[in-house]
Amino acid sequence: MTENKNGKLIAIITMCFIFAMISFVTNMGAPFGNIWGFEYPFAKAWGNLMNFAAYLFMGIPAGKMLTKYGYKKTALIALIVGIVGLVFQYLSSLVGAGSYVFTYDSIPVALNLIIYLLGAFICGFCVCMLNTVVNPMLNLLGGGGNKGNQLIQVGGTLNSLTGTLTPLLAGILVGTVTKDTSMSDVAPLLFIGMAVFAISFVIISRVSIPEPTLGKVEPKYERSPLAFRHCLLGVIAIFFYVGIEIGIPMELNFYVTKLPFEGAAAVGGTLAAAYWLLMMIGRACSSAISGKVSTKSQLSTASAVAIILLLIAIFMPESVTISFSGHDVPAKAFLIPACGLCTSVMWGGIFNLSVEGLGKYTEAASGLFMTMVVGGGIMPLIQESMANSGGEIFSYWLVIGMLAYILFYALIGSKNVNTDIKVD
């Protein structure tokens, strides 16, 4: 009996660490983009794009893997894939920049960039599979209900914490991005990721985990989850949300890193880390009030406040500064990370409203949501294109547009108008 409890506790701790590593690996895209962007300005957001593009291909198959192979084997496969992806990213630091493969925008592209992008894409497969595993697994290990949800909240808090650490550590390791800055400068982050994935693999392989989906026959669906208007609009909202979540700190990091003072990359990493830290605080606050404040109210308020913060940041003159680490930093750079408090409630809020009343279609809808995480690669790429033409701050108009859609969804689009469809 005691042995089973200890094994269960080890499994819970391991899942929480994996939950944390999802954010740790995903958030490498922006600081690494600063490094590649010095030589390849067009490629600053490409690593992030490749990471999230993997969701488009792996979102639904990852769900099917749970049925065919179970949670344990799916998690083990994901961890191996993650190690391979991180190894490829590390190898990009060992390949000479002179090995040019092709030319893009009149700029010769070297083999090292190709290897890095391949590594980012492989890591995308890993985090997609892990995302599919950890939420339901923590719920199962907690026995469902309030305890299961509590474990998911703990995992989510760790996820936000490591999301804070990645840009912060990258900024400290790099300091100031110059022509001599390379992936070898951030290699310690890659080694940490490899080590945690390897340790997690060993632990999970030795721990017994419940397998409720193994061999389970999928229910027959007479309709698609998209037949529900609120689900269809919710899928679009999730696509935009992930773009918002990634785009806000990414362009903030790029903006501050370009400021003309020594150590700008470290300051940029710190402010981007503040965004993720505030997301963690927001999630903790949301879990405390969710029993009394409706999801709809939380989502609509958060969207409106984020829009106001970004509007103030856009129109605030750069001459208005705040002294930070001995440097005068534009005050708008401190308003933008405050949006983390708002985005913290959006994923759960959109998901909760979108699957309301779906019954047996809920699992199929979850697969669609995982696929739409690709928005975290596509929308930031569009935002970066806007930044290249009008500046990083100008690019936040795109974020405001996406937030306006989420506000519309919270107030109007989330209503279930298809109650005539049978869901049992």
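Taking amide hydrogens as modeled 1.01 Å from N in the peptide plane, which residues meet the under 5 Å criterion relative to ALA110, leaving out close sequence neighbours?
Hits under the 5 Å cutoff: VAL101.
Of VAL293, VAL235, VAL374, which has the largest mean-square fluctuation in a 10 Å C-alpha GNM of the chain?
Comparing VAL293, VAL235, VAL374 in a Gaussian network model of the chain, the most mobile one is VAL293.
Mind checking the angle between helix 375-390 and the chain's longest principal axis? C-alpha axes, 0 to 90 degrees, to the nearest 10.
In the chain, helix 375-390 runs at an angle near 20 degrees to the longest axis.
With θ set to phi - 60° and the Karplus curve 6.51 cos²θ - 1.76 cosθ + 1.60, what are the ³J(HN,Hα) couplings of the range 155-161 in order, to the nearest whole Hz, using x for Gly and Pro?
Those phi angles translate into x, x, 5, 5, 4, 5, 5 Hz.
Given only helices, namely DSSP H runs of n ≥ 4 each adding -39500 (n - 2.57), what is the per-residue ellipticity at 222 nm of the chain, to the nearest 500 deg cm²/dmol? Kindly include the intermediate steps, with their values, before the conclusion.
Values: 15 runs with 295 residues, N = 424.
So the helix-based figure for the chain works out to -24000 deg cm²/dmol.
How much area per residue is accessible in the chain when the probe is 1.4 Å and only protein heavy atoms are counted (Å²)?
Numbers: 17640 Å² over 424 residues.
Accessible area per residue, the chain: 42 Å².
Applying the Karplus parametrisation 6.51 cos²θ - 1.76 cosθ + 1.60 with θ = phi - 60° to the phi angles of the range 46-63, what ³J(HN,Hα) value in whole Hz is obtained for each residue in order, glycine and proline being reported as x?
Computed from phi, the couplings for the range 46-63 are 5, x, 4, 4, 5, 4, 7, 4, 4, 4, 4, 8, 10, x, 6, x, 4, x Hz.
What does the C-alpha gyration tensor say about the overall shape of the range 265-345? Classify as rounded when a/c is under 1.5, otherwise prolate if a/b is larger than b/c, or oblate. Please list the in-between numbers first.
Numbers: a/c = 3.76, a/b = 1.81, b/c = 2.07.
It is oblate, given that a/c is not under 1.5 and a/b is not larger than b/c.
Among PHE239, PHE228, PHE261, which one shows the biggest mean-square fluctuation in a GNM of the chain, springs joining Cα atoms closer than 10 Å?
Looking only at PHE239, PHE228, PHE261, the largest GNM fluctuation is found for PHE261.
Which log10 I(q)/I(0) values does the range 280-399 give at q = 0.11, 0.17 Å⁻¹ under the Debye formula, counting every alpha carbon as one identical point scatterer?
-0.51, -1.03
In degrees from 0 to 90, rounded to the nearest 10, what is the angle of the helix 111-141 Cα long axis to the longest principal axis of the chain?
Taking the Cα atoms of the chain, the angle to 111-141 is about 30 degrees.
Given the Cα-Cα distance of ARG206 and GLU356 and 0.36 nm per residue of separation, how much length would full extension add, in nm?
Values: separation 150, 0.36 × 150 = 54.00 nm, distance 3.72 nm.
Stretched fully, the ARG206-GLU356 segment lengthens by 50.3 nm.
Within the chain, what whole-number % of the accessible surface is contributed by carbon and sulfur, with the 1.4 Å probe and all protein chains included in the calculation? Don't jump to the answer; show the numbers that get you there.
Values: 11700 of 17640 Å².
Within the chain, the accessible surface is 66 percent carbon and sulfur.
Angle between the Cα long axis of helix 229-257 and the longest principal axis of the chain, 0 to 90 degrees, nearest 10?
On a 0 to 90 degree scale, this one is about 30.
Please list the non-local residues whose amide H lies under 5 Å from the amide H of GLY357, H modeled 1.01 Å from N, same-chain partners needing a gap of 5 or more.
none
Apply the Karplus curve 6.51 cos²θ - 1.76 cosθ + 1.60, θ = phi - 60°, to the phi angles in the range 346-357 and return the couplings in whole Hz, x for Gly and Pro.
Working through the residues one at a time gives 6, 4, x, x, 5, 4, 4, 5, 6, 9, 4, x Hz.
What does the charge count around ILE393 come to, taking other residues whose C-beta lies under 15 Å from its C-beta (Lys +1, Arg +1, Asp -1, Glu -1)? Write down the numbers at each step before the final one.
Working: positive: LYS258, LYS332; negative: GLU251, GLU318, GLU384, GLU392.
Local charge sum for ILE393: -2.
Could you compute the net charge surrounding ALA78? Neighbours are other residues with a C-beta less than 15 Å from the C-beta of ALA78; K and R count +1, D and E count -1. Mind dumping the intermediate values first?
Numbers: positive: LYS64, LYS68, LYS72, LYS73; negative: none.
Surrounding charge for ALA78 is +4.
Going by average Cβ neighbours within 10 Å, how do the peptides 388-398, 42-52 rank, with the highest at the top?
Numbers: 388-398: 17.3, 42-52: 24.8.
Sorting 388-398, 42-52 by mean packing, highest first, produces 42-52, 388-398.
Assuming R0 = 35 Å, can you tell me the calculated FRET efficiency for the pair LEU226 and LYS68, based on Cβ-Cβ distance, to the nearest 0.05?
Working: r = 24 Å, r/R0 = 0.70.
Computed FRET efficiency for LEU226 and LYS68 comes out at 0.90.
Rounded to the nearest 0.05, what FRET efficiency is calculated for LEU91 and ILE281 with R0 set to 35 Å and r the Cβ-Cβ distance? Walk me through the numbers before you get to the answer.
On the way: r = 37 Å, r/R0 = 1.06.
After rounding to 0.05, the efficiency reads 0.40.
The values are calculated or read from the model by the stated rules, or taken from the named source; none is laboratory data. Please read these numbers as outputs of a predicted model, since none were measured by experiment. Neighbour counts run over all protein chains shown; Cβ positions are idealised from the backbone, glycine included. Quick note on the areas: whole protein, heavy atoms, side chains included, nothing else; ligands and nucleic acids left out. Shrake-Rupley method; radii C 1.70, N 1.55, O 1.52, S 1.80 Å.
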